[in-house]
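This report concerns only the one structure given below.
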Amino acid sequence: MRKMTEERPASVGSIVQTPAAAPLFIPPKRRFLELREQPSPNRSLLLGALGVICFFAVWELGHYLTDASSRRFVPSVENVAAALYRLFAEQDFLTDVLVSCRRIFISFLAASAIALPIGILMGCFGNMRALLNPTLSGCRYLPAASFIPLLLVWFGPTDTAKIALLFLGVIFFLISLILDNTNAVQKELVEASLTMGASRRKVLTGVVVPAAMPAIVDSMRNMIAVAWTYLVIAEIVGAQDGIGAVMMRAGRFLSVDVIMASILTIGLLGVITDLLFRAASRLLFPWNIERRS
Amino acid sequence: MTKIASLHAHASYDVGHAHPVLRAHRISKEYVNGTFTALDDVSFELKENQITAFVGPSGCGKTTMLRIIAGLEHPTRGRLEVSGKPVVGPGPDRGMIFQAYTSFPWLTVLENVEYGMKIIGIPAAERRERAMSFLKLVHLQKFVDSYPRSLSGGMKQRVALARTLAQNPNVLLMDEPFGALDAQVRWEMQELMIELIEREKKTVVAITHDIAEAIYLADRIIFFSRQPGRIKADINLDFKNGKRYPLKEELIKLPGYVDLEYRLFAMMREEIRDASSGE
């Protein structure tokens, strides 16, 4: 650039005309409901927060729109928040929460320990699938709650009965999800490793399991959410401790605020487990991270 | 991909007096209790160091034949030998490259290439060294620590190529390995292929739908006809005078190229016509 001006001293002092820029292109306005538009992370956060605020607003509105005489059955957000505070501060709610968490943890661990090998074997071997699938997928249609009387007879109002119910509510679905995840492993990955001389065992442990694992962890994440939804049903059985028991007791005294505070707590715990599973998945499968975004 | 220039001098190969690496004797494959015949009495021999292309219309059994060689399927009748030993199942003496990407996504590029050597028991130090040298050959030395997810389709196929060649198989089988790639990448892969085969002295069987690709890569083309799958023509590419031409434009210039291409297109049309007339 500099060189050009040096070669042309005559132009010193003259006005160099820059060509007029092309007219600015004004893109059409983005609408709120733009097809397949992905909001920015900040905007996502903002919209998510807005949703939560709306939820509480509608709830609060419901409280004030209720006739004053029955308003105590529709507590306000502050009422529930106060009840939550009282629960933790005065009534040792934390112990109940931990008891419930322990039940979820133990039952889900047991269900996973059984569902993983069975699901993977069924996903790999057609004969195993043919042998077990009719029975196990039939079991999925047995309502878990209907086992309550049976479990009471067998175990009494014990921890075992509650854990067993959570276990039964999850295991059959977990098996069939893991079966599908294993079965969905790309056929060519298996064939490629066979043509490289891998033994059946090597194919299973070195290819099928690592290939299916991210999807399996996803299935587990979804099923632990189901376990949380069974929690209250499980803890009604001879209610002594746990979040469900607290709710049953509150129900007897018509303390709707305590019931709602407990429901909120379970929801929150569910969200936390979900986040933990997502974090674990990112940590365990760094090679798979782009899949999420 | 600039390496190709070094191969500008026509590489010659040597198959004439070699004994067969692979012998397929009267192979038939029937499905569903004989109601569908994929392959009907197919026999051929592959000489050492020879590149053979299987060409033919869809459903002509060429993929079945390749999978039988790989040991992934079994013939209903007939006998198949590789290096004098009957084939009973898949094995590392026959390396296979698939059309689908088969890099293991949970392993890095380097670990992928080492995987095959690990299976056949090559010690760790040698494995690493061999893997690095093959990754260099396929121009992936900068991506050794990447996961396959971040690679393009052509790069994934180069990982597969390095992984398979590092095992040093007697026969290299390729099932439309460039079928999913776009035209330019495909061309680059074909040239890389020629370079590598020349270097590693491999006996190769490649399936392709692409007639130009078959002529470019192969020393010999076996054309399959459909339903039942039979060998319609077994063509030695004599017009290449026993040489391989890494540069496509030089190959096309040779007398005999157009005749062969014409002949193959005519055969393909014949097959397609027979299929559409409901034969």
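The values are calculated or read from the model by the stated rules, or taken from the named source; none is laboratory data. The shown structure was predicted, so the numbers you read here are calculated from the model rather than taken from an experiment. Glycine also receives a Cβ, built like all others from the backbone with ideal geometry; neighbour counts cover every protein chain displayed. Only protein heavy atoms, including side chains, enter the accessible area calculation; ligands, DNA and RNA are left aside. Shrake-Rupley method; radii C 1.70, N 1.55, O 1.52, S 1.80 Å.
Tell me which residues, restricted to segment A:62-78, are surrounded by fewer than 18 Cβ atoms within 10 Å (Cβ to Cβ) and either among the polar types (S, T, N, Q) or at pLDDT 95 or above (or both). A:Thr66, A:Ser69, A:Ser70, listed by residue number.
With the structure loaded, tell me whether B:Ser103 is in a loop (DSSP other than H, G, I, E, B) and buried (at least 22 other Cβ atoms within 10 Å of the Cβ) or whether it fails that test. In short, yes. Among the residues of segment B:109-134, the ones that are open to solvent by less than 70 Å² (accessible area, probe 1.4 Å), under 19 Å from B:Ile97 (Cβ atoms) and either outside any helix (DSSP H, G or I) or basic (Lys, Arg) (or both) come to 2 in all.
Residue count for segment A:147-179 under the criterion of being of a type outside the set (Gly, Ala, Ser) and over 19 Å from the mean Cα position of the chain (by Cα): the result is 18. Checking each residue in segment B:119-131 for being more than 8 Å from chain A (Cβ to nearest Cβ) and on the phi < 0 side of the Ramachandran plot picks out B:Ile122, B:Pro123, B:Ala124, B:Ala125, B:Glu126, B:Arg127, B:Arg128, B:Glu129, B:Arg130, B:Ala131. Of the helices (runs of 4 or more DSSP H) lying entirely inside segment A:19-128, those containing at least 3 residues that are in contact with an Asp or Glu (Cβ under 8 Å, 6 or more places away or on another chain) span A:77-90, A:93-124. One residue alone among B:Leu161, B:Leu192, B:Leu196 is within 23 Å of B:Ser133 (Cβ to Cβ), within 14 Å of chain A (Cβ to nearest Cβ) and among the aliphatic types (A, V, I, L, M), and that residue is B:Leu161. For segment B:75-118, a residue qualifies if it is within 16 Å of B:Val205 (Cβ to Cβ) and more than 12 Å from chain A (Cβ to nearest Cβ), and the qualifying residues are B:Pro75, B:Leu80, B:Glu81, B:Val82, B:Ser83.
State the number of residues belonging to segment A:239-281 that are under 24 Å from A:Pro149 (Cβ atoms) and either at pLDDT 95 or above or among the basic types (Lys, Arg) (or both). Here the count works out to 2. Checked against the criterion of being open to solvent by 10 Å² or more (accessible area, probe 1.4 Å), touching a residue at least 24 places away in the same chain (Cβ under 8 Å) and within 27 Å of B:Asp41 (Cβ to Cβ), the candidates B:Glu200, B:Glu176 yield just one match: B:Glu176. Of all the residues in segment A:251-293, those that are within 14 Å of chain B (Cβ to nearest Cβ), open to solvent by less than 40 Å² (accessible area, probe 1.4 Å) and free of Cβ contacts under 8 Å to residues at least 24 places away in the same chain number 1.
Mind checking which residues of segment B:236-264 are under 15 Å from B:Gln50 (Cβ atoms) and either touching a residue at least 60 places away in the same chain (Cβ under 8 Å) or open to solvent by less than 10 Å² (accessible area, probe 1.4 Å) (or both)? Answer for segment B:236-264, where residues must be under 15 Å from B:Gln50 (Cβ atoms) and either touching a residue at least 60 places away in the same chain (Cβ under 8 Å) or open to solvent by less than 10 Å² (accessible area, probe 1.4 Å) (or both): B:Leu237, B:Lys240, B:Gly242, B:Lys243, B:Arg244. The helices (runs of 4 or more DSSP H) falling completely within segment A:197-257 that include 2 or more residues that are under 26 Å from A:Phe167 (Cα atoms) map to A:209-236, A:243-252. Across segment B:75-90, the qualifying residues are those that are assigned to a loop (DSSP other than H, G, I, E, B) and in contact (Cβ under 8 Å) with a residue 24 or more places away in the chain, and the one among them that is nearest to B:Asn49 (Cα to Cα) is B:Ser83. Just one of the listed residues (B:Gln190, B:Gln184) is within 12 Å of the chain's Cα centre (by Cα) and farther than 24 Å from B:Ser43 by Cα, namely B:Gln190.
Within segment B:135-158, if we keep just the residues that are within 21 Å of B:Gln190 (Cα to Cα) and not in a helix (DSSP H, G or I), the residue that is nearest to the other protein chains (Cβ to nearest Cβ) turns out to be B:Leu151.
How many residues are among the acidic types (Asp, Glu) and over 16 Å from B:Ser58 (Cα atoms) if we restrict to segment B:221-279? The number of residues fulfilling the criteria is 6. For B:Arg158, the criteria (1) surrounded by fewer than 24 Cβ atoms within 10 Å (Cβ to Cβ); (2) outside the structural domain of B:Asn49 (by TED's automatic domain parsing) hold in every case but one, which is (1). The set of residues in segment A:182-193 being in a helix (DSSP H, G or I) and either within 14 Å of another protein chain (Cβ to nearest Cβ) or within 17 Å of the chain's Cα centre (by Cα) (or both) consists of A:Lys187, A:Glu188, A:Leu189, A:Val190, A:Glu191, A:Ala192, A:Ser193. I'm trying to understand the selection: among the residues of segment A:129-187, which are open to solvent by 50 Å² or more (accessible area, probe 1.4 Å) and touching a Phe, Trp or Tyr at 6+ places or on another chain (Cβ under 7 Å)? Within segment A:129-187, A:Arg140 is the sole residue that qualifies. The criterion of being farther than 25 Å from B:Val109 by Cα and surrounded by 18 or more Cβ atoms within 10 Å (Cβ to Cβ) holds for B:Ile231.
B:Ile194 meets each of the listed conditions (1) open to solvent by 10 Å² or more (accessible area, probe 1.4 Å); (2) in contact with a Pro (Cβ under 7 Å, 6 or more places away or on another chain); (3) not small (Gly, Ala, Ser) apart from (1).
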